[in-house]
Amino acid sequence: MARPLDEQGQALLDAASRLLSTEGPGALTVRRMATEAGCSTMGVYSRFGGKDGVVDELYKEGVARLFSDIDIDETEDPIDDLRRCGRNYRTNALANGTHYMVVFGGVVPGFRPSDEAIGMALAAFGRLAARVRRAQEAGLLVDEPTDKIAEVIWGTIHGHVMLELIGMSATHADPHERYERTLDMLLTGLARHAERALGPA
């Protein structure tokens, strides 16, 4: 999980998020972040080691927020649980657009997340895979490798969310309706009755 921060540390993260959102990655300098947060540049270095450390913490904070939203209580319906996770994924991305673009959009040129940050992201994917496995064990999804099915689900919903975040649409359909239709088609296509239609892995 993202590490606990003192008040000044959180102010620096909030300042970095604002700068990215309003002015873009070019504004994300140690001096600007410090000025926006009301502290010295030393405060940035002592807490995060520099600009990349701040971005890495934004990455981890973004993953933690996403994990919190998709970590829903299980019901007796594994497919509906997957659907709710998909809906929460979109809701999270729209509410935390800057964090989402740090994690998935490569918004900061040259930034590479730390091993800890990547580990957090993989843990979130593992949570999705666990929900897929539960639906498979209930006989509701195709008998294909769990991680491959989870990757198909994530890749599909991520693509639609990313298009919505950057304001692109080929059909000009309502984004909510388009996303719901995508979830319907995705889960129907992966249902056990569709197994014969799948080609070789």
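Coordinate-derived values only; no laboratory data. Fair warning: this is a prediction, and the values are worked out from it, not measured in the lab. Here Cβ is always computed from backbone atoms with ideal geometry, including for glycine, and neighbour counts include all displayed protein chains.
A few points about this structure:
- Structure-derived log10 I(q)/I(0) by the Debye sum over Cα atoms at q = 0.08, 0.10, 0.13 Å⁻¹ - corresponding label in (i) -0.33, -0.49, -0.76; (ii) -0.36, -0.55, -0.87; (iii) -0.42, -0.62, -0.93: (i)
- Net charge of the neighbourhood of GLY43, taken over other residues with C-beta under 15 Å away and scored Lys/Arg +1, Asp/Glu -1, is -1.
- Ratio Rg/Rh [Cα only; Rh per Kirkwood] for segment 20-75: 1.15
- Exposed loop sites here are GluC sites (Glu not before Pro) assigned a DSSP state other than H, G, I, E or B and surrounded by at most 16 other beta carbons within 10 Å; excluding them, the longest clear run of the chain is 77-201.
- Surrounding net charge for SER169, when Lys and Arg each add one and Asp and Glu each subtract one, Cβ distance under 14 Å: -1
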